[in-house]
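Below you'll find the structure, written out as structure tokens, and then a few comments.
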Amino acid sequence: MSGVPVEAVAAAYGLGEPVGAAVYAARGELGRIWRLDTRRGSWAVKELLVPVREEDARADVAFQIAAAEAGVRLPRPVLTGGGDVVAGGRWRVYEWVDLVEGAQVTAAELGAVTAGLHDIGHPAAGPVAAWFAEPVGRAGWEALADAAAGSKGGWREALRESVGELVALDELIVPPDRAAVVTCHRDITPDNIRRAAHDGGIVVLDWENCGPASPAWELAKVLADLPDGAATPAYRAYREAGGPGRVTEPADFSMAIAEQGHLLEFYARRAMSPQESEENRTRAGARLRAMLARPLTRARVERLAGECARVDVPAP
């Protein structure tokens with residue numbers, strides 16, 4: 001039996017009579033996803049593991065609605081009978097979309113989808129958060145490396161050895177251009193750009209992280225996360241699809257650098273915390289090992305900026 005109070009959730013969101021318990025489907029850092037079938041249809045119930053203000057939830061739903069109206073395919077958010085996004089401080093609901101298991105979009109498709117999201121031009125509600133724009137800084141990295149010195153998990157040596165590179169990366173970060181900031185998805189990854197099972201069409205998932213960002217910076221972050229050799233086709237497809245962002249210099253990777261830094265710090269502190277559950281500590285350690293096995297470096301930033309420049313100004 002799941003921990004989802006199916007009757008209460010179904011009643012709050014007007015989903016119809018449940019036909020069974022909610023079935024666990026997936027988990028991310030912000031919540032667990034459960035499938036709930038009712039006599040009206042199937043629904044994705046998100047159990048929030050991190051508190052969300054109703055004001056912030058309404059802002060991300062406004063962007064989702066704008067994206068859907070612009071032709072972006074996504075699971076439609078469902079509101080409560082009172083017009084709220086979050087019920088009981090813990091639940092959110094979306095229409096359920098069956099996906100093709102194991103199928104990933106190409107780098108070119110990822111670039112084209114990113115262009116479509118940026119073309120929406122949805123106004124930003126506030127400034128860019130520090131998580132996406134500010135460095136951890138030398139003092140922060142050194143303190144984290146010291147704290148990790150006695151920790152177990154197989155990632156601590158890699159973190160300590162990376163401090164010099166992480167400090168050097170932080171020096172590339174510049175403040176965002178407020179005039180260029182719009183609402184962005186801020187979590188564009190192959191895991192969140194998927195194919196619908198019934199027709200293979202592209203579906204964009206996981207919108208709760210959306211918010212103010214520069215399209216150029218988000219584009220650079222997307223490119224930095226791709227495997228080697230995939231950035232050029234993704235950037236070319238973005239350009240051909242009419243995306244407004246341009247990656248022209250290493251500073252355009254400010255969001256990628258800042259987010260990598262804050263994620264490493266977050267996972268390290270979670271992995272070391274005795275207050276966290278064993279599940280959370282294990283997940284954090286695995287993410288640390290994966291990130292530190294292929295970190296973003298100054299050399300890769302410069303190479304990616306060069307690849308984008310060759311797309312923008314093709315060789316004669």
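The values are calculated or read from the model by the stated rules, or taken from the named source; none is laboratory data. Worth saying up front: this structure is predicted, and the values here are computed from it rather than measured. Methodologically, a virtual Cβ is constructed for each residue, glycine included, from the backbone with ideal geometry; neighbour enumeration extends over all protein chains shown. These accessible areas exclude ligands, DNA and RNA; they are computed on the full protein's heavy atoms, side chains included. Shrake-Rupley method; radii C 1.70, N 1.55, O 1.52, S 1.80 Å.
Below, the figures for the structure above:
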quantity: Count of the stretch 78-105 residues which are surrounded by fewer than 15 Cβ atoms within 10 Å (Cβ to Cβ), closer than 20 Å to ARG58 by Cα and in contact with a Pro (Cβ under 6 Å, 6 or more places away or on another chain); calculated: 1
quantity: When residues of the stretch 265-279 are limited to those that are in contact (Cβ under 8 Å) with a residue 40 or more places away in the chain and in contact with a Leu (Cβ under 7 Å, 6 or more places away or on another chain), the one least open to solvent (accessible area, probe 1.4 Å); calculated: ALA268
quantity: Test: residue in the stretch 39-57 that is in a helix (DSSP H, G or I), touching a Cys at 6+ places or on another chain (Cβ under 7 Å) and closer than 30 Å to TYR267 by Cα; calculated: no
quantity: Counted residues, the stretch 289-307 - those being crowded, with 18+ Cβ neighbours inside 10 Å and either in contact with an Asp or Glu (Cβ under 7 Å, 6 or more places away or on another chain) or farther than 22 Å from VAL222 by Cβ (or both); calculated: 1
quantity: Members of the stretch 35-66 found to be in contact with a Leu (Cβ under 6 Å, 6 or more places away or on another chain), among the hydrophobic types (A, V, I, L, M, F, W, C) and modelled with pLDDT of 95 or more, listed by number; calculated: TRP43, VAL45
quantity: So THR114, is it of a type in the set (Val, Ile, Thr), closer than 22 Å to LEU263 by Cβ and either at pLDDT below 95 or surrounded by 13 or more Cβ atoms within 10 Å (Cβ to Cβ) (or both); calculated: yes
quantity: Extreme residue, farthest from the chain's Cα centre (by Cα), among residues of the stretch 1-55 that are surrounded by 17 or more Cβ atoms within 10 Å (Cβ to Cβ) and of a type in the set (D, E, K, R); calculated: ASP37
quantity: Count of residues meeting criterion [outside any helix (DSSP H, G or I), open to solvent by less than 40 Å² (accessible area, probe 1.4 Å) and modelled with pLDDT under 95] in the stretch 142-175; calculated: 3
